[in-house]
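Peer 1: The structure is given below, and queries will be raised subsequently.
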Amino acid sequence: MMSITYNSENISFPDIDRNTVTAWIKQVAAKYGKKCGEIGYIFCDDERILEVNRAFLQHDYYTDIITFDYCVGNIISGDIFISVDTVRSNALQLGVDYDTELYRVIIHGILHLCGIDDKGPGEREIMEQCENEALTMLATL
């Protein structure tokens, strides 16, 4: 059963169209031969994502996204924490629109669940290309 949920902790919910984002996520997953299972988005502030990073990953730093992967076979499932504070500061630092950066991070987690990594040599460039292709797909919805 497919279920994509959207929640917020310690912040106002971001201005996104849940139906459009859900359709987009399903389309991107399908591009990689995957189907959506249970996916939970949690939009939060920097302090909450730092708590999650410390508690579950033993990392003591802020980040824009943490993806917990519960995938089985071709069914992608997971919990995706997104710090809108860090997304906003990254958008300013990169000189890009906040909404564009938010959507980039939203799909970044899905791409991880689809098996795309960004830590090894050359992987960051592949991830960025996949993000850009996904953002193009969003523009057509």
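Peer 1: Looking only at segment 63-82, how many residues end up being over 10 Å from the mean Cα position of the chain (by Cα), under 23 Å from N7 (Cβ atoms) and not hydrophobic (A, V, I, L, M, F, W, C)?
Peer 2: 5
Peer 1: Looking at segment 3-47 only, could you name the residues that are buried (at least 16 other Cβ atoms within 10 Å of the Cβ), over 21 Å from T140 (Cβ atoms) and among the aliphatic types (A, V, I, L, M)?
Peer 2: Once the filter is applied, which keeps residues that are buried (at least 16 other Cβ atoms within 10 Å of the Cβ), over 21 Å from T140 (Cβ atoms) and among the aliphatic types (A, V, I, L, M), segment 3-47 yields I39, I42.
Peer 1: Continuing with this model, one more query. Does I39 satisfy the criteria of being in a strand (DSSP E or B), hydrophobic (A, V, I, L, M, F, W, C), touching a residue at least 60 places away in the same chain (Cβ under 8 Å) and closer than 19 Å to H108 by Cβ? Full working, then the answer.
Peer 2: Working: in a strand (DSSP E or B): yes; hydrophobic (A, V, I, L, M, F, W, C): yes; touching a residue at least 60 places away in the same chain (Cβ under 8 Å): yes; closer than 19 Å to H108 by Cβ: yes.
In short, yes.
Peer 1: May I ask you to list pairs of residues, at least six apart or on different chains, whose Cβ atoms are under 7 Å apart, with the first in segment 62-75 being exposed (fewer than 13 other Cβ atoms within 10 Å of the Cβ) and the second being part of a loop (DSSP other than H, G, I, E, B)?
Peer 2: N74/G33; N74/K34
Peer 1: Right, here's the next one. Taking the conditions exactly as written (of a type in the set (V, I, T), over 14 Å from the mean Cα position of the chain (by Cα) and part of a loop (DSSP other than H, G, I, E, B)), does V52 satisfy them or not? First the steps, then the outcome.
Peer 2: Details: of a type in the set (V, I, T): yes; over 14 Å from the mean Cα position of the chain (by Cα): yes; part of a loop (DSSP other than H, G, I, E, B): no.
Here the answer is no, as V52 does not meet what is asked.
Peer 1: Determine whether I25 is in a helix (DSSP H, G or I), touching a Gly at 6+ places or on another chain (Cβ under 9 Å), hydrophobic (A, V, I, L, M, F, W, C) and within 15 Å of A134 (Cβ to Cβ).
Peer 2: The answer is no for I25.
Okay, residues lined up against (1) closer than 16 Å to A134 by Cα; (2) of a type in the set (K, R); (3) part of a strand (DSSP E or B); (4) touching a residue at least 24 places away in the same chain (Cβ under 8 Å):
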| residue | (1), (2), (3), (4) |
| --- | --- |
| S77 | no, no, yes, yes |
| I80 | no, no, yes, yes |
| V87 | no, no, no, no |
| N90 | no, no, no, yes |
| Q93 | no, no, no, no |
| R104 | yes, yes, no, yes |
| I110 | yes, no, no, yes |
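Peer 1: Hey, another quick one. Evaluate the following for D60: is it under 24 Å from M2 (Cα atoms), among the acidic types (D, E) and outside any helix (DSSP H, G or I)?
Peer 2: Considered against the rule, which asks whether it is under 24 Å from M2 (Cα atoms), among the acidic types (D, E) and outside any helix (DSSP H, G or I), D60 comes out as no.
Peer 1: Would you be able to say whether some residue in segment 17-29 is among the hydroxyl-bearing types (S, T, Y) and within 13 Å of the chain's Cα centre (by Cα)?
Peer 2: Taking every residue of segment 17-29 in turn, at least one turns out to be among the hydroxyl-bearing types (S, T, Y) and within 13 Å of the chain's Cα centre (by Cα).
Peer 1: Then there is this: Mind listing just one residue for me: the one in segment 76-115 that is surrounded by fewer than 21 Cβ atoms within 10 Å (Cβ to Cβ) and small (G, A, S) and, of those, nearest to I42 (Cα to Cα)?
Peer 2: G78
The numbers here are math on the coordinates, done by the rules we state, and not lab data. These numbers come from a predicted model, not from an experiment. Cβ: placed from backbone, ideal geometry, glycine included. Neighbour counts: every protein chain shown.
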